[in-house]
Amino acid sequence: MKLTRREAIAMGLGSTMVAMLPLRVSAGSHGAIMAFTGGVEPGEGNITLSAPEIAENGNTVPVGVDAPGAVEIMILAMGNPNPQVADFKFGPAAGAQEVSTRIRLAGTQDVVAVAKLADGSFIQTSQNVKVTIGGCGG
Amino acid sequence: MATGVKPRVKVPKTAAAGDSVTIKTLISHKMESGNRKDKEGNVIPRSIINRFTCDFNGVNVIDMTMYPAISTNPYVEFKAKVDASGEFKFTWYDDDGDIYEAAKSITVS
């Protein structure tokens, strides 16, 4: 079958649209990570993010992060209007680099935890959380 | 001044020296994210707790910056290392300038 120009353009447009489909990622969410790390792309490491696979209520989603040896941990919600969720700095009296809290997720998205280790390097992990009812009031 | 803000903290009463104890904190606060609109369509301005710190005997345990994505009635659970008896001090800082505090003692043997 010969591909007409019209069909080629339609295919091009179609694939561009599929590529742009939300996957809810807000503008600047990667930028927020870069701002935290000073431009360094975080690597893999010993950091665990606990979040439910499906959150019934986007207004209160329990999340936990554990990153032994971390000095600071940042949690981001890549699809929220503002990706930053929380930043934890651990002091000398911290018992472990482990925290839990509850956050708002506007919709199904990736939750990312980035940790700054004592040696200045950065590691990250992420988990996709499906949200049935969005929690940013919008 | 944010009204009806009440902190609640759970700290073990006793521990052994060198233990890592789990601390649970809750504070009742609306955490208005700044994303909601009222009936007329005006944006309800952001008004949240933006920072939470915990010190033990004057030494910092954790310093948390909160953004609007933290849920209403912020709950934070973390671990602190105790090497002697003393007092935990918890402080929450509100966008509107208010500061809320709580304190809990622990006996360490």
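The numbers here are math on the coordinates, done by the rules we state, and not lab data. All figures in this text were calculated on a predicted structure; none of them were measured in a lab. A quick note on method: Cβ atoms are made from the backbone with ideal geometry, for glycine too, and the neighbour counts reach across all protein chains shown.
Counting only Cβ charges, +1 for Lys and Arg and -1 for Asp and Glu, the dipole size of segment B:23-109 around its Cα centre is about 300 debye.
In the elastic network of chain B, a GNM with C-alpha springs shorter than 10 Å, the most mobile of B:76, B:43, B:11 is B:43. Only DSSP H runs of four or more residues enter the estimate; each adds -39500 (n - 2.57), and after division by the residues of the protein assembly as shown the mean residue ellipticity at 222 nm equals -3000 deg cm²/dmol. Chain B has equivalent-ellipsoid semi-axes of 33, 11, 11 Å, by the square roots of 5 times the alpha carbon gyration tensor eigenvalues, sorted largest first. Between segment B:1-72 and segment A:51-101, the C-alpha centres lie 13 angstrom from each other. Annotation: amide H-H contacts under 5 Å for residue B:70 (H modelled 1.01 Å from N, sequence separation of 5 or more, or interchain): A:104.
For segment A:65-79, backbone phi angles converted through the Karplus equation (6.51, -1.76, 1.60; θ = phi - 60°) give residue-by-residue couplings of 10, 10, 9, x, x, 7, 9, 8, 10, 10, 10, 10, 10, 5, x Hz, Gly and Pro being listed as x. Coupling constants for segment B:13-30 follow from the phi torsions by the Karplus curve (6.51 cos²θ - 1.76 cosθ + 1.60, θ = phi - 60°), and in residue order they are 6, 9, 7, 8, 4, x, 5, 9, 9, 8, 10, 10, 10, 9, 9, 7, 7, 4 Hz; glycine and proline get x. Along segment A:117-127 the Karplus relation, 6.51 cos²θ - 1.76 cosθ + 1.60 evaluated at θ = phi - 60°, assigns HN-Hα couplings of 8, 4, 8, x, 8, 10, 10, 8, 8, 8, 9 Hz to successive residues, with x for each Gly and Pro. If you wrap the tightest convex hull around every Cα atom of segment B:48-109 and split its volume per residue, you get 82 Å³.
Ellipsoid semi-axes for the protein assembly as shown, based on the Cα gyration tensor and the rule √(5λ), read 39, 23, 14 Å when sorted largest first. Taking every C-alpha pair closer than 8 Å and separated by at least 6 residues, the mean separation divided by the residue count of segment A:5-131 gives a relative contact order of 30 percent. Between residue B:19 and B:82, the built amide H atoms are under 5 Å apart, and every one of these is 5 or more places off in sequence or on another chain.
Average 1/r across all pairs of distinct alpha carbons in segment A:81-138, invert it, and you get the Kirkwood radius: 13.5 Å. With unit charges on the beta carbons (Lys and Arg positive, Asp and Glu negative) and the dipole taken about the Cα centre of segment A:5-131, which residue among A:61, A:114, A:101 sits farthest to the positive side? So the residue furthest toward the plus end is A:61. Shown for segment A:5-131 is the translational diffusion coefficient from the Stokes-Einstein equation, using the Kirkwood radius over Cα pairs, a temperature of 37 °C and a viscosity of 0.692 mPa s: 209 µm²/s. Residues A:104, B:46, arranged from fewest to most other Cβ atoms within 10 angstrom of their Cβ, appear as B:46, A:104.
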